[in-house]
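Take a look at the structure set out below.
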Amino acid sequence: MSENISVLGLGLMGAALAESLLAAGHRVTVWNRTPSKADPLVAKGATVAATPAEAVEAGELVIVCVLDYPAVRQVLEGASLTGRVIVNLTSGRPSEAGAMASWVAEHGADYLDGGIMAVPQMIAKPGALILYSASQTAFDRYERTLAVMAEARFVGTDPGMAALLDLAMLTGMYGQIAGCLEAAALVTSAKYPLKQFTASLLVPWLNAMAALQVHWAEAIEAGDHATQVSNLEVNRAGMETLVAAFREQGVKPDLLLPLKAVIDRRTARGLGHEGLSGLVEEL
Ligand SMILES: NC(=O)c1ccc[n+]([C@@H]2O[C@H](COP(=O)([O-])OP(=O)(O)OC[C@H]3O[C@@H](n4cnc5c(N)ncnc54)[C@H](OP(=O)(O)O)[C@@H]3O)[C@@H](O)[C@H]2O)c1
């Protein structure tokens, strides 16, 4: 079924979202602070609005994807939101999502907050995921429409939950990136071909190790950090070896040191018999 949808914010991500909705046959109205960014979408059948208020007027479903929450507020201020469903796909903090949900409700609209787990090139392709939280009613009503952009997953009625899980997933990603960059520095210090190392050794190893995360999640939820895998004392000694080896190779272990510090702190408290999952208690 074709819907009237408005997309406010046509940066790299907003433009990709609008394009996917147009391709699915929806009637899409677009607005962007810099109007010229609407031109390629107008060529594909979008209607351009002169103001945010005009765009909100045109769509029952209003998708906002701008830089940050203060920009969302600037864009929506002054528009009549009554009866609309506002879907905010701008990245932010859980507290900002909560405040935005209240503000939108005060203006008579239903609210969904979203966390986009994709880059623009992935939109409308397999593998793209958007997390949603806040109004279950709005999600149930528009789930099929939202699924055009990416797999749509509702994670709860707490408005901040999508933002929190988005940040948690990014945190896991940055941890992996940190480890891979340290590994790259070590491997290149020995003049070993980095691409070969990465493709044939590192990536298969990371995939095999990823399965352990679910085991650790169970241990953390149960508060039971007994281990049959490797205890903290073994990991503490392993970290000492790593850091010393980096220094011998002339490579700074800067991205590893914060992890080493938490392992050292936990073992110094006499908990070296536990598994790595116990580190979460230190955080
Ligand atoms: N790109 C990604 O891979 C990705 C992935 C996940 C989530 N996100 C999130 O998606 C959001 C947009 O990202 P993007 O990649 O599309 O960024 P972008 O290409 O830099 O676009 C930023 C957009 O925000 C608008 N904007 C900034 N300040 C504004 C203001 N004060 N008032 C009105 N509009 C304003 C810009 O308008 P102008 O065109 O006029 O400058 C532009 O439309 C961000 O929250 C980002 O974290 C992006």
Among the candidates Val72, Val66, Val48, single out the residue that is on the phi < 0 side of the Ramachandran plot, within 16 Å of the ligand (Cβ to nearest atom) and open to solvent by 50 Å² or more (accessible area, probe 1.4 Å). Val48
Scan of region 3-15 for residues that are buried (at least 24 other Cβ atoms within 10 Å of the Cβ) and either assigned to a helix (DSSP H, G or I) or on the phi < 0 side of the Ramachandran plot (or both), ordered by number: Ile5, Ser6, Val7, Leu8, Leu10, Gly14
Go through region 237-256 and report how many residues are open to solvent by less than 60 Å² (accessible area, probe 1.4 Å), in contact (Cβ under 8 Å) with a residue 12 or more places away in the chain and either closer than 21 Å to Glu282 by Cα or touching a Pro at 6+ places or on another chain (Cβ under 6 Å) (or both). 4
How many of the residues making up region 80-108 are crowded, with 20+ Cβ neighbours inside 10 Å, outside any helix (DSSP H, G or I) and away from the ligand (no atom under 16 Å from the Cβ)? 3
Take the residues in region 31-45 that are small (Gly, Ala, Ser) and in a helix (DSSP H, G or I); name whichever of them is most open to solvent (accessible area, probe 1.4 Å). Ala43
Being among the charged types (D, E, K, R) and surrounded by 14 or more Cβ atoms within 10 Å (Cβ to Cβ) is the filter; apply it to region 138-186 and report the residue that is nearest to the chain's Cα centre (by Cα). Asp166
Against the condition closer than 23 Å to Leu181 by Cα, modelled with pLDDT of 95 or more and among the β-branched types (Val, Ile, Thr), how does Thr267 come out, does it pass? no
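The values are calculated or read from the model by the stated rules, or taken from the named source; none is laboratory data. Just so it is clear, the model here is predicted, and its values are computed rather than measured. Methodologically, a virtual Cβ is constructed for each residue, glycine included, from the backbone with ideal geometry; neighbour enumeration extends over all protein chains shown. Quick note on the areas: whole protein, heavy atoms, side chains included, nothing else; ligands and nucleic acids left out. Shrake-Rupley method; radii C 1.70, N 1.55, O 1.52, S 1.80 Å.
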